[in-house]
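Here is the structure we will look at, set down as structure tokens.
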Amino acid sequence: MSYFVYILKCSDESLYTGITTNITKRLDEHNNSEKGAKYTKNRRPVKLVYQESSENRSSASKREYAIKKLTRLKKLQLIDGIF
């Protein structure tokens, strides 16, 4: 099973990072369901701006943690393919 690390841009321009096995389903949950993250519920609609695949849940979680530690500028550079 493949895992994905993703970054969403929220309606207030903030960024949210998460992991999932199904990007399409998870994006729909963030935008339309109570299953979306608490953070994104009040910041809808959200837009997928970055994704990368990981071999397993462990590596995806580690990458998610590393991305969450980045500054906003570094996250934006990652999204733009600069970093």
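The values are calculated or read from the model by the stated rules, or taken from the named source; none is laboratory data. Note that the structure is predicted; figures quoted are calculated from it, not measured. Neighbour counts run over all protein chains shown; Cβ positions are idealised from the backbone, glycine included. Only protein heavy atoms, including side chains, enter the accessible area calculation; ligands, DNA and RNA are left aside. Shrake-Rupley method; radii C 1.70, N 1.55, O 1.52, S 1.80 Å.
Considering only residues that are assigned to a helix (DSSP H, G or I), farther than 15 Å from LEU15 by Cβ and touching a Phe, Trp or Tyr at 6+ places or on another chain (Cβ under 7 Å), look in segment 51-80 and name the one that is most open to solvent (accessible area, probe 1.4 Å). Per the stated criteria, the residue is ARG57. State all residues of segment 4-54 that are closer than 22 Å to GLY81 by Cα and in contact with a Ser or Thr (Cβ under 8 Å, 6 or more places away or on another chain); if no residue qualifies, say none. PHE4, VAL5, TYR6, ILE7, LEU8, CYS10, TYR16, ILE19, VAL46, SER53, SER54, listed by residue number. Output the number of residues of segment 71-83 satisfying the condition of being touching a strand residue (DSSP E or B) at 6+ places or on another chain (Cβ under 8 Å) and not hydrophobic (A, V, I, L, M, F, W, C). Final tally of qualifying residues: 2. Pairs meeting the criteria (first residue in segment 4-26 and free of Cβ contacts under 8 Å to residues at least 24 places away in the same chain, second residue open to solvent by 20 Å² or more (accessible area, probe 1.4 Å) and not in a strand (DSSP E or B), beta carbons under 6 Å, at least 6 apart or on different chains) are THR20/ARG26; THR21/MET1. Being among the β-branched types (Val, Ile, Thr) and in contact with a strand residue (DSSP E or B) (Cβ under 7 Å, 6 or more places away or on another chain) is a description that does not apply to THR24.
Let's see how each residue does on (1) acidic (Asp, Glu); (2) in contact with a strand residue (DSSP E or B) (Cβ under 7 Å, 6 or more places away or on another chain):
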position	(1), (2)
ALA37	no, yes
ASN42	no, no
PRO45	no, no
VAL49	no, yes
GLU52	yes, yes
GLU55	yes, no
ALA66	no, no
LYS69	no, no
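Residue by residue, here is whether (1) surrounded by 13 or more Cβ atoms within 10 Å (Cβ to Cβ); (2) in a loop (DSSP other than H, G, I, E, B); (3) not hydrophobic (A, V, I, L, M, F, W, C) holds:
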residue: PHE4; (1), (2), (3): yes, no, no
residue: ILE19; (1), (2), (3): yes, no, no
residue: LEU27; (1), (2), (3): yes, no, no
residue: LYS35; (1), (2), (3): no, yes, yes
residue: TYR39; (1), (2), (3): yes, no, yes
residue: PRO45; (1), (2), (3): yes, yes, yes
residue: VAL49; (1), (2), (3): yes, no, no
residue: ILE82; (1), (2), (3): no, yes, no
